[in-house]
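Contents: one structure, followed by commentary.
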Amino acid sequence: MHFSFFHLMPWTELDEAPTQWPARNAPFRPERGTELYDTYLGTMAHAEACGFDWVGANEHHFSPYSLMANCNLVGAAMTQRTKSIKLAMLGNLLPLLNPVRVAEEYAMLDVMSGGRLVAGFVRGIPHEYIAYNVAPDESRGRMREALNIILRAWTEPEPFGWEGEFYQYRAISIWPKPRQTPHPRILMSASNLESAQFVGEFPSMVGLTLVSDLDVARSIIDGFLESARAHGRTPSPEDILVGQQTCIAETDEEAEEIMAKALAYFHGVLMRPQQDAQRIVIQKTRFFGQEGAGDYFMKRLQTLKGRTIKEQIEAGSILCGSPQTVVKQIKRLRQHLGAAHINMNMKLGNMPDTAVIKGMELFRDKVLPEVRAL
C-alpha cells in the first residue's frame, strides 16, 4: 500500500458562511495568510518524516475553501523542503489552463525535484468554470485535446505544430523536458462511470476523491479497468487511488469529536458558496455528460453532509478513529476497492493543526507498520 498526505490549505477563521458566489474576500487578512502558508508548507514537508509516499496539493479559485490558486507554486516550495517524497499535483484544472504552460511547469517541477513529480490532471469542480469564464460544456473536449498536446510536448524531440478544435500553436518545443521518461506518472480523477472510462483511454492512474458508497466506487473502478484494457493497457491496483478525509487520534471518541467539528465548518462554511455555484452549472450545462449525472453528483454531496460520522465511516467515505480502528478501515477499503493508493486529506475545515500533526505521527508509528505490506 502507498499513502499520500493531501492538503487543501483552507482559510480557517470565518465567523459565518459566505452568502453568495463568489465569496467576498474582505475577511481575508494577509498577515494571517502568511502565517497559514508557513504552517501549511511545514506540515506538508513533515509528511516525508511521517512515512507518506506522496505529498499532494491541488487548485481551486475564488473561495476560502482553498488558498491554493496554483498548486504548482506549492510543488516548487516542496522541491526545496523535501528530499525523497513524491510531489503529487492533484492537480491542474486542465480545461481552464494553457496546456503548453502546464506541460512546461510540470516539466520544471520534475527536473527541480529530481524526478519526483506525479502529474495530476482534473476537470475541476463545476464552479471553477464560472471563475475562469470557460464554457462547462467544453470541459471534456478541452481535457482530451490538452492531454494529447502535453503528452506530445513531453515526448516529441522535435518542434511540432498543433491545429485542434480548442488549441492552435504554430510550434511547440518545451525546455526543459521532464526528467522521468517517457514522462511523469499521470493521475486523473473520476467521479462517475463516464469519467472513469475517459481516464482509461490514457496512460493514467484513476483517482476517486469522493466515496459515498463502496459498491458505487467499485463500479466506477471497474469501468476504468475495462476501459484501460480496451485501450491496450494492463491496469493493476497500482493504478487506483482512493481519497479519504482522515482523522487519527488516540481513541475513537476523540477522533470522531475532532472530525465532527471540522466537517461542520467544512460543509457549513467553506462549501456553502460552491454548492450554490454548482447548482447553476449543473442545471444550465452538460458538464457531467450523461443525463442526470449532475443531479446525482449533488445528491452525493448532500448525502455525505447529512450523515453522522459513524454513518460516513460505515459507508467507506472517511477514515476516522484510533490507529487500530483506522487499520481495520484501510484493510476494508483495500478488500472492497482493490486500490494500492490512499490519498489522506488530514486538514479538514478548521481542524486544529496540532491534531493534524498528531494524526500524521500516529499514522507513522501505529498505522503504517500494519498496512504497508497489504
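The values are calculated or read from the model by the stated rules, or taken from the named source; none is laboratory data. Please read all numbers here as calculations on a predicted model, not as lab measurements. Every residue, glycine among them, receives a Cβ derived from its backbone with ideal geometry; neighbour counts consider all protein chains shown. Accessible surface is based on the protein model in full, side chains and every heavy atom, while ligands, DNA and RNA are left aside. Shrake-Rupley method; radii C 1.70, N 1.55, O 1.52, S 1.80 Å.
Scan region 116-141 for residues that are among the basic types (Lys, Arg) and under 17 Å from Gly200 (Cα atoms) and jot them down.
Those that are among the basic types (Lys, Arg) and under 17 Å from Gly200 (Cα atoms): Arg123, Arg140.
I'm trying to understand the selection: among the residues of region 135-167, which are polar (S, T, N, Q) and open to solvent by 40 Å² or more (accessible area, probe 1.4 Å)?
Selection gives Asn148, Thr155.
Inspect all residues belonging to region 43-65 and state whether any of them is on the phi > 0 side of the Ramachandran plot, part of a loop (DSSP other than H, G, I, E, B) and either under 16 Å from the mean Cα position of the chain (by Cα) or touching a residue at least 24 places away in the same chain (Cβ under 8 Å) (or both).
Yes - at least one qualifying residue is present in region 43-65.
Condition (residue is open to solvent by less than 60 Å² (accessible area, probe 1.4 Å) and assigned to a loop (DSSP other than H, G, I, E, B)) applied to region 26-35: is it met by at least one residue?
yes
Hand me the list of strands (runs of 3 or more DSSP E) wholly inside region 168-235 holding 3 or more residues that are touching a Ser or Thr at 6+ places or on another chain (Cβ under 8 Å) and surrounded by 19 or more Cβ atoms within 10 Å (Cβ to Cβ).
In region 168-235, 185-189, 205-208 are the strands (runs of 3 or more DSSP E) which contain 3 or more residues that are touching a Ser or Thr at 6+ places or on another chain (Cβ under 8 Å) and surrounded by 19 or more Cβ atoms within 10 Å (Cβ to Cβ).
Working only within region 109-134, note down all residues that are open to solvent by less than 40 Å² (accessible area, probe 1.4 Å), farther than 18 Å from Leu90 by Cβ, among the hydrophobic types (A, V, I, L, M, F, W, C) and not in a loop (DSSP other than H, G, I, E, B).
Ala131 - this is the single residue of region 109-134 that is open to solvent by less than 40 Å² (accessible area, probe 1.4 Å), farther than 18 Å from Leu90 by Cβ, among the hydrophobic types (A, V, I, L, M, F, W, C) and not in a loop (DSSP other than H, G, I, E, B).
Look through region 13-25, keep the residues that are under 22 Å from Pro352 (Cβ atoms) and in contact (Cβ under 8 Å) with a residue 60 or more places away in the chain, and return whichever of them is most open to solvent (accessible area, probe 1.4 Å).
Result: Glu16.
Trp162 passes all but one of (1) in contact (Cβ under 8 Å) with a residue 24 or more places away in the chain; (2) in contact with a strand residue (DSSP E or B) (Cβ under 6 Å, 6 or more places away or on another chain); which number fails?
So the condition that Trp162 fails would be (1).
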